[in-house]
Amino acid sequence: MAALAVAVSLLSDLSIYTVLPTAFAELGLEKWQVGLILSSNRWVRLVTNYPVGLLSEHWPEHVGMFFSGGLALGCVCSACYALSHAFWVLMVGRCLWGVAWSLIRNSALLSVRNVVKSGAVAAGEATGYYDGVSRLGAVMGLFAAGPIYDSLSFSWLFAIWGTIAFVAIPLGKVAHSLTLRQLRNSTFQEEAQPSGNCRCRRSACTSPPRGYAIQLIGFITGCVSWGLIVSTLGLIFQDALGEEVDMGSFTIKIATFNSIVLGCRWGVEVLGTPLLGRVCD
């Protein structure tokens, strides 16, 4: 259920990557403003991720509330996109999304950790299932964003996603409560494991060289995929193909074409991550 809540929250986030690079001129924006809007949430997360993690560790009983709070803040972001196309309003919406995503992602991963600690499922399978289901929201947002924008408008697109996200707000608290109950009811006791083995595993996973390497890989992947490809692909298609793409017997608008291309990429991830999780186990 945590993965389902994350999936709903990603509808707006992925849609703005799909539509904004091709619709910025119609919205009265400049190219440099699009870059700032799409990157602002990630700058905010550099500041908010660590404090959110500390809050979750100090008040684990409130993680469900943090989860639902992040979902609610995501609705506010969608409302910003729907109500105004002004640069500063969109910037505020993306910055709020940075805070919201810190709350959502941290809370969801803690829920996954609870499931793993309960012994109900292995770590790879749990994280693979979480990634697959949560990315389903990304796929839906990507495939639907272009057609909805081309058929209706930018404002209607995010009004629809915001309404769906509003209905899903309670999922955050419910999802975390269920995983906590599963953890309490399980016979799995982490303390019962041999302490030597536990220390060995933890030191192997958290040793500084390996931790830095993982962070570097994550940085490079995020920079190339999100920073360079996803955020500019629509504009590249628009410059190369124009406002419409000839598909033979019919034509589609460029935003819809961009949606299809990006959606196919995340569709592969939805299908592949659960399988890879089992392989890792």
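Within the range 138-160, being of a type in the set (Gly, Ala, Ser) and crowded, with 22+ Cβ neighbours inside 10 Å holds for 138, 141, 145, 146. Considering 113, 135, 105, the condition of being over 22 Å from residue 262 (Cβ atoms) and either open to solvent by 40 Å² or more (accessible area, probe 1.4 Å) or among the small types (Gly, Ala, Ser) (or both) is satisfied by 113 alone.
For every residue, the table says whether it meets (1) under 30 Å from residue 243 (Cβ atoms); (2) open to solvent by 30 Å² or more (accessible area, probe 1.4 Å); (3) of a type in the set (Asp, Glu).
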site	(1), (2), (3)
29	yes, no, no
33	yes, no, no
57	no, yes, yes
90	yes, no, no
100	no, no, no
109	no, yes, no
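Residues checked against (1) buried (at least 19 other Cβ atoms within 10 Å of the Cβ); (2) of a type outside the set (Val, Ile, Thr); (3) without any contact (Cβ under 8 Å) to a residue 40 or more places away in the chain:
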{"residue": "10", "(1), (2), (3)": "yes, yes, no"}
{"residue": "19", "(1), (2), (3)": "yes, no, no"}
{"residue": "63", "(1), (2), (3)": "yes, no, no"}
{"residue": "69", "(1), (2), (3)": "yes, yes, no"}
{"residue": "77", "(1), (2), (3)": "yes, yes, no"}
{"residue": "81", "(1), (2), (3)": "yes, yes, no"}
{"residue": "84", "(1), (2), (3)": "no, yes, yes"}
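It is to be established whether one or more residues within the range 60-83 are out of contact with any strand residue (DSSP E or B) (no Cβ under 8 Å at 6 or more places or on another chain), acidic (Asp, Glu) and modelled with pLDDT under 85. Checked the range 60-83: at least one residue is out of contact with any strand residue (DSSP E or B) (no Cβ under 8 Å at 6 or more places or on another chain), acidic (Asp, Glu) and modelled with pLDDT under 85.
Considering the range 98-152, the residues that are within 30 Å of residue 252 (Cβ to Cβ) and charged (D, E, K, R) include one that is farthest from the chain's Cα centre (by Cα), namely 150. Quick check on the range 106-120. Is at least one of its residues touching a helix residue (DSSP H, G or I) at 6+ places or on another chain (Cβ under 6 Å), closer than 23 Å to residue 234 by Cα, assigned to a helix (DSSP H, G or I) and without any contact (Cβ under 8 Å) to a residue 60 or more places away in the chain? No, because not a single residue in the range 106-120 is touching a helix residue (DSSP H, G or I) at 6+ places or on another chain (Cβ under 6 Å), closer than 23 Å to residue 234 by Cα, assigned to a helix (DSSP H, G or I) and without any contact (Cβ under 8 Å) to a residue 60 or more places away in the chain.
Checking each residue in the range 230-264 for being under 26 Å from residue 39 (Cα atoms), without any contact (Cβ under 8 Å) to a residue 40 or more places away in the chain and not β-branched (Val, Ile, Thr) picks out 239, 240, 241, 242, 243, 264.
The values are calculated or read from the model by the stated rules, or taken from the named source; none is laboratory data. These figures come from a predicted structure and were not determined experimentally. All Cβ positions, even for glycine, are placed from backbone atoms using ideal geometry, and neighbour counts span all protein chains on display. These accessible areas exclude ligands, DNA and RNA; they are computed on the full protein's heavy atoms, side chains included. Shrake-Rupley method; radii C 1.70, N 1.55, O 1.52, S 1.80 Å.
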